[in-house]
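As structure tokens, the structure follows; a few thoughts come after it.
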Amino acid sequence: MRVTANYSKSLAASPWRKRSVPLEDVYSYSQPEDSGLDAALAQLPSKYQAVIHLYYYEGYGTEETARILGRKPSTVRAQLTRARHILARLLKEEL
């Protein structure tokens with residue numbers, strides 16, 4: 001029981017948690033207001049938003065992103081591919 005409590009404390013104090021910013025805050029100031037990218041990113045399901053954010057905004061690789069999210073690296077790569085296709089479709093519809 002004590003090991004679990006200590007591990008939880010160390011996870012809460014990890015540098016990753018101190019560096020993280022909510023996705024809504026990143027999207028609100030990362031692109032110009034007239035950009036359709038904000039709207040397209042907001043329409044993505046949360047599992048795709050998470051991988052896009054970690055890969056492109058935070059600069060993590062697929063292996064690191066998989067570890068952070070508790071997923072397999074192949075799953076992260078597949079989700080990145082799907083998210084890119086969805087974003088491309090959404091951005092083309094906007095034009």
Exercise for the section: Test SER74 against the stated conditions and say whether it is loosely packed, with under 11 Cβ neighbours inside 10 Å, modelled with pLDDT of 85 or more and within 12 Å of the chain's Cα centre (by Cα). Expected result: no
Practice task
Looking only at the range 43-71, count how many residues are open to solvent by less than 80 Å² (accessible area, probe 1.4 Å), of a type in the set (D, E, K, R) and either in a loop (DSSP other than H, G, I, E, B) or farther than 21 Å from LEU11 by Cα (or both).
Solution key: 2
Exercise for the section: Take the range 72-95 and flag every residue that is under 27 Å from LEU11 (Cα atoms) and in a helix (DSSP H, G or I). Expected result: PRO73, SER74, THR75, VAL76, ARG77, GLN79, LEU80
Exercise for the section: Go through the residues of the range 11-20 one by one and say whether even a single one is modelled with pLDDT under 90, among the aromatic types (Phe, Trp, Tyr), open to solvent by less than 50 Å² (accessible area, probe 1.4 Å) and part of a helix (DSSP H, G or I). Expected result: no
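The values are calculated or read from the model by the stated rules, or taken from the named source; none is laboratory data. These numbers were taken from a predicted model, which means no experiment stands behind them. For neighbour counting, all protein chains shown are included, and Cβ atoms are generated from backbone atoms with ideal geometry for every residue, glycine included. What goes into the accessible areas is simple: the full protein's heavy atoms, side chains included, and nothing from ligands, DNA or RNA. Shrake-Rupley method; radii C 1.70, N 1.55, O 1.52, S 1.80 Å.
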